[in-house]
Structures are given as C-alpha cells and as structure tokens.
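Here, each number is a calculation from the coordinates, and none is a lab measurement. The model shown is predicted, which means the values in this text are computed figures rather than measured ones. Neighbour counts are summed over all protein chains in view; Cβ atoms, including those assigned to glycine, are modelled from backbone coordinates with ideal geometry.
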Amino acid sequence: MVTLRRPPQYTRSGPVLEPYQVLMRPMITEKATFAAERYNSYTFQVNQLATKTEIKNAVEILFDVKVVDVRTVNRAGKKRRYKSRVGMTSGFKKAVVKLSTEHRIDFY
C-alpha cells in the first residue's frame, strides 16, 4: 500500500516534482489495456525521480480519482544493433496504478 504508517526518516535531496512532471505518458499496450479492463489498473511511464507517493498524488490530482495501490518497475535499456553499430535504448520507470472500484480513467 502507499499509505504511510510513520513519517519518513529522511527528506529527499532531489528536485520537488509537480504532478504534471511526474507522469510522462500512459502506456497503451495490449497487456496494459487488459489490466485496465479487468483489474482497473492503469500503466504510466513516469519520471525516474518520482516516488510511489508522488505518483499516487499526481494521478489523484490530474485525473480526479482515488488510487488504492502503486507498483513501480525500473526497466533497463536494451542493446540494439543497426548495421555495424551497437547502441542502447533508453531505460524508463513504469508505474502500475490500481484505482478504487468506483473510479475509471478514459484515455480514448
């Protein structure tokens, strides 16, 4: 759960992010669409510096919904080859946000 049972033991030294800086874009894939329809969970690409609490607050403010749970994944970049050159795709942070049963987000 995202609810804090005790005050944090440290303060973050990074920048303070506004809600529109936390969420980069919704991830609309086959898997994410299935999760949205079945489990009321929505997937977003988020800022690398964002915490679970910031993600929860951003979704609640921007979409006016009640968030129940937030899960995050740091996806590493992959090696890709083009002709004789080898490069890396950029990694990103992904958040799966589960909403309360009476709330929905409509992307379409």
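General observations
- Dipole size of the stretch 59-104 about its Cα centre, with +1 on Lys/Arg Cβ and -1 on Asp/Glu Cβ: approximately 780 debye, rounded to the nearest 20.
- Orientation-averaged projection of the stretch 20-99 equals 6.0 nm² [convex hull of Cα atoms, one quarter of hull surface area].
- Chymotrypsin sites (Phe, Trp or Tyr not before Pro) restricted to the stretch 1-59 and DSSP loop, no more than 16 other C-beta within 10 Å: 10
- Annotation for the stretch 77-108: trypsin sites (Lys or Arg not before Pro) lying in DSSP loop with at most 10 further Cβ atoms inside 10 Å of their Cβ are 78, 83.
- Over the chain, dividing the summed -39,500 (n - 2.57) contributions of all DSSP H runs of at least 4 residues by the number of residues returns a 222 nm mean residue ellipticity of -6500 deg cm²/dmol.
- Approximating the spin labels as points 7 Å out from Cα along Cα→Cβ, the residue 28-to-residue 79 distance works out to 3.5 nm.
- In a DSSP loop and with at most 11 other Cβ atoms within 10 Å, the trypsin sites (Lys or Arg not before Pro) in the stretch 1-72 are 5, 12.
- Percentage relative contact order, the stretch 20-99, counting C-alpha pairs under 8 Å, at least six apart: 34
- Here the chain is treated with +1 on each Lys and Arg Cβ and -1 on each Asp and Glu Cβ, and its dipole about the Cα centre works out to around 920 debye.
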